[in-house]
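Engineer: Below is the structure I would like to discuss, written out as structure tokens.
The values are calculated or read from the model by the stated rules, or taken from the named source; none is laboratory data. Just so we're clear, the structure is a prediction, and the values are computed from it rather than from any experiment. Cβ placement follows ideal geometry from the backbone for every residue including glycine, while neighbour counts extend to all protein chains displayed.
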Amino acid sequence: MRIAVISDVHANLPALRAALADIKAAAPDAIVSCGDLAAGPLPGPAIGLLRGLDVPVHCVRGNADRGMVDAFDGTSTPLPPTKTTSGPAPS
């Protein structure tokens, strides 16, 4: 069995298309995405592109994907505010 592996696409559709062109030439039996697929500029088209392939695609949810889903669901915990200081920057 031939398996193609992709990772950290971050919804970069042009990069995903380029990677899939190379993957298609290798004729894998399946594709595995190791996470961070959808969190980025074009999540819908990136997911749609993978869903339309003729080979099975298996996705592991990455930390950025998890954060995106949590934000959508309203379950994310906001980051604490960063501390700011006044005066000159430290040297």
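Engineer: Please go through region 41-62 and pick out each residue that is farther than 16 Å from Asp22 by Cβ, of a type in the set (A, V, I, L, M, F, W, C) and outside any helix (DSSP H, G or I).
Structural biologist: Scanning region 41-62 gives Leu42, Cys59, Val60.
Engineer: Another question, then. Please determine, by comparing only the residues of region 53-76 that are at pLDDT 85 or above and of a type in the set (D, E, K, R), which one is farthest from the chain's Cα centre (by Cα).
Structural biologist: Within region 53-76, the match that is farthest from the chain's Cα centre (by Cα) is Asp54.
Engineer: Name the single residue, out of those in region 51-65 being without any contact (Cβ under 8 Å) to a residue 24 or more places away in the chain and of a type outside the set (Lys, Arg), that is farthest from Pro14 (Cα to Cα).
Structural biologist: Asp54
Engineer: Sticking with this one: From Ser33, Ser7, Ser76, grab the single residue that is surrounded by 15 or more Cβ atoms within 10 Å (Cβ to Cβ) and of a type in the set (Ser, Thr, Tyr).
Structural biologist: Ser33
Engineer: I'm trying to understand the selection: among the residues of region 1-30, which are part of a loop (DSSP other than H, G, I, E, B) and of a type outside the set (Ser, Thr, Tyr)?
Structural biologist: Met1, Arg2, Asp8, Val9, His10, Ala11, Asn12, Ala27, Pro28, Asp29
Engineer: Among the candidates Leu79, Leu16, which residue alone is of a type outside the set (Lys, Arg) and modelled with pLDDT of 90 or more?
Structural biologist: Checking each option against the conditions leaves just Leu16.
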